[in-house]
């Protein structure tokens, strides 16, 4: 268990803002820091119209969660504020989410939420409140490097590691953020919450996409980007039409189920051509890719990315949150940066957030 936030001064003289979602992780984080003597302030973000999602199990940041966060704050005796970030969240996350699907991509809204809302606007608010750090309940850790900066480190519990969702965290943000649960497992967190008498100790983990109360993300896409629901052709890798679809937003790279095509061998979604409204399908072996072109690269490895890469940097890459890291090489190209996967990888989809780590102490970068 982390007993220090690597902050100067005595805990009782140190203010820390905790991002409280109403779940057990952020609640335990707030209670832990309060017990260690820190001047803790809890902040909960209202991110969307939570009326429809208020009673749905697995929905985060909804009305029930705001109530739970307030209850925990009262229990442990800290001030608690709810900030209305609905317009920011809609513009930065929901609109981009729908636009990405309309382009034939498979976005990860949690990444964009962390990048453009939680670790941007909320971090600014924490500083305005005079806090020396913003703490969250994410399962990831950071370590002081001795040069005034911090490195991001994968969580001790690999099954809970959330570094994939935080790849866009900048160095400035990382220096200010703290992750007290990085060295703990989920059962340990729940036990900690029970010891503090928190009502959320056994609360179900949030699941799915928080702003989709029905669980059908296509409802959001259809409302905001109806062109993503226009019908089109399903074609094989040779361009032959073998079926029809009701919108490319229903598909993602690597998908097998729901194609509605009878074939002698399993077919998978190989590529999405949004402009032509075509879904390209083929055999599983056609899914394997060896090279990935990167965009929106975020480097937190110290120095400059070009100096670190040189003629090629040996790394480990996770292309999806559920996939184990794979050996790869990071190289600079005439048009940006490229990852060469040593053994190849299946189901690589535009819009995902490949996260790389290197060196033996598992620093992480995006």
Checklist entry - Residues in the stretch 147-155: is at least one under 22 Å from the mean Cα position of the chain (by Cα), assigned to a loop (DSSP other than H, G, I, E, B) and not assigned by TED's automatic domain parsing to the domain that holds residue 115? => result no
Checklist entry - Of these, 242, 209, which one is within 28 Å of residue 99 (Cβ to Cβ) and touching a residue at least 24 places away in the same chain (Cβ under 8 Å)? => result 209
Next on the checklist: Against the condition surrounded by fewer than 15 Cβ atoms within 10 Å (Cβ to Cβ) and either more than 30 Å from residue 257 (Cβ to Cβ) or at pLDDT below 80 (or both), how does residue 363 come out, does it pass?
Outcome noted: no
Item to check | Flag if residue 270 is within 29 Å of residue 336 (Cα to Cα), touching a helix residue (DSSP H, G or I) at 6+ places or on another chain (Cβ under 7 Å) and free of Cβ contacts under 8 Å to residues at least 40 places away in the same chain | outcome: yes
Next on the checklist: Go through the stretch 60-90 and report how many residues are in contact with a helix residue (DSSP H, G or I) (Cβ under 8 Å, 6 or more places away or on another chain), outside any helix (DSSP H, G or I) and at pLDDT below 90.
Outcome noted: 1
Checklist entry - Of all the residues that make up the stretch 99-108, how many are surrounded by fewer than 22 Cβ atoms within 10 Å (Cβ to Cβ) and assigned to a helix (DSSP H, G or I)? => result 3
Item to check | Scan of the stretch 300-311 for residues that are surrounded by 12 or more Cβ atoms within 10 Å (Cβ to Cβ) and at pLDDT 90 or above, ordered by number | outcome: 305, 308, 309
Checklist outcome for this item: Given (1) touching a helix residue (DSSP H, G or I) at 6+ places or on another chain (Cβ under 9 Å); (2) at pLDDT 90 or above; (3) assigned to a loop (DSSP other than H, G, I, E, B), residue 183 misses just (1)
Next on the checklist: Checking the conditions here, which among 194, 127, 190, 115 is within 20 Å of the chain's Cα centre (by Cα) and closer than 24 Å to residue 22 by Cβ?
Outcome noted: 115
Checklist entry - Looking at the stretch 259-320, what strands (runs of 3 or more DSSP E) fall wholly within it and have at least 1 residues that are under 28 Å from the mean Cα position of the chain (by Cα) and under 25 Å from residue 228 (Cα atoms)? => result 268-273, 278-282, 289-294
Next on the checklist: Of everything in the stretch 321-344, what is touching a residue at least 40 places away in the same chain (Cβ under 8 Å) and outside any strand (DSSP E or B)? Give them in sequence order.
Outcome noted: 321, 335
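Residue-by-condition table, conditions (1) under 30 Å from residue 68 (Cβ atoms); (2) surrounded by 17 or more Cβ atoms within 10 Å (Cβ to Cβ):
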position: 196; (1), (2): yes, yes
position: 199; (1), (2): yes, no
position: 223; (1), (2): yes, no
position: 227; (1), (2): no, no
position: 231; (1), (2): no, no
position: 235; (1), (2): no, yes
position: 278; (1), (2): no, yes
Item to check | Single match in 249, 228 (criterion: within 23 Å of residue 346 (Cα to Cα), in a helix (DSSP H, G or I) and within 28 Å of the chain's Cα centre (by Cα)) | outcome: 249
Item to check | Residue check, residue 93 part of a helix (DSSP H, G or I) and either in the same structural domain as residue 181 (by TED's automatic domain parsing) or without any contact (Cβ under 8 Å) to a residue 60 or more places away in the chain (or both) | outcome: yes
Next on the checklist: Given the criteria modelled with pLDDT under 95, in contact with a helix residue (DSSP H, G or I) (Cβ under 8 Å, 6 or more places away or on another chain) and either part of a strand (DSSP E or B) or closer than 26 Å to residue 112 by Cα (or both), does residue 347 qualify?
Outcome noted: yes
Next on the checklist: When the residues of the stretch 115-146 are narrowed to those that are in contact with a strand residue (DSSP E or B) (Cβ under 7 Å, 6 or more places away or on another chain) and part of a loop (DSSP other than H, G, I, E, B), which ends up farthest from residue 89 (Cα to Cα)?
Outcome noted: 145
Checklist entry - Hey, any hits in the stretch 320-327 for a residue that's at pLDDT below 90, farther than 20 Å from residue 152 by Cα and loosely packed, with under 12 Cβ neighbours inside 10 Å? => result no
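The values are calculated or read from the model by the stated rules, or taken from the named source; none is laboratory data. Quantities reported herein were computed from a predicted structural model and do not represent experimental measurements. Heads up, the Cβs are rebuilt from the backbone with ideal geometry, glycines too, and the neighbour counts pull from every protein chain shown.
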